[in-house]
Amino acid sequence: MLYYAPAYTDPRDGAVGPGMTDQAGETIPPDRPIPPGSKSIVYDESVPRFVLEALTGMPGWVVKTAAQVEADYPGALP
């Protein structure tokens, strides 16, 4: 499945990775490992978010179709 996942920036070292959202809608670090086999397709710094291919999502990850991803990021999918 394809997901848009919020980007989380670690305040300690500035590392950026997929995050999740809490009940207030704030982006937080994942409270568990990113699902095995997940693949980052695009990191959009302007939003900020990741486009991920994964078997399952995490809180705050939004399921997208291939057509939706292609509309937002032409040529991103093989």
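For this structure, a couple of remarks:
- In the range 64-78, residue most open to solvent (accessible area, probe 1.4 Å) [restricted to those that are outside any loop (DSSP other than H, G, I, E, B) and touching a strand residue (DSSP E or B) at 6+ places or on another chain (Cβ under 6 Å)]: Lys64
- Of the residues making up the range 1-14, those that are open to solvent by 50 Å² or more (accessible area, probe 1.4 Å) and without any contact (Cβ under 8 Å) to a residue 40 or more places away in the chain are Tyr8, Thr9, Pro11, Arg12, Asp13.
- Counting only residues that are in a strand (DSSP E or B) and without any contact (Cβ under 8 Å) to a residue 40 or more places away in the chain, the range 19-36 holds 3 of them.
- Residue check, Lys39 basic (Lys, Arg), in contact (Cβ under 8 Å) with a residue 40 or more places away in the chain and either on the phi < 0 side of the Ramachandran plot or open to solvent by less than 80 Å² (accessible area, probe 1.4 Å) (or both): no
The values are calculated or read from the model by the stated rules, or taken from the named source; none is laboratory data. All of these numbers come straight from a predicted model, not from anything done at the bench. All Cβ positions, glycine included, derive from the backbone under ideal geometry; neighbour counts span all protein chains shown. All accessible areas refer to the heavy atoms of the entire protein, side chains included, with ligands and DNA or RNA removed. Shrake-Rupley method; radii C 1.70, N 1.55, O 1.52, S 1.80 Å.
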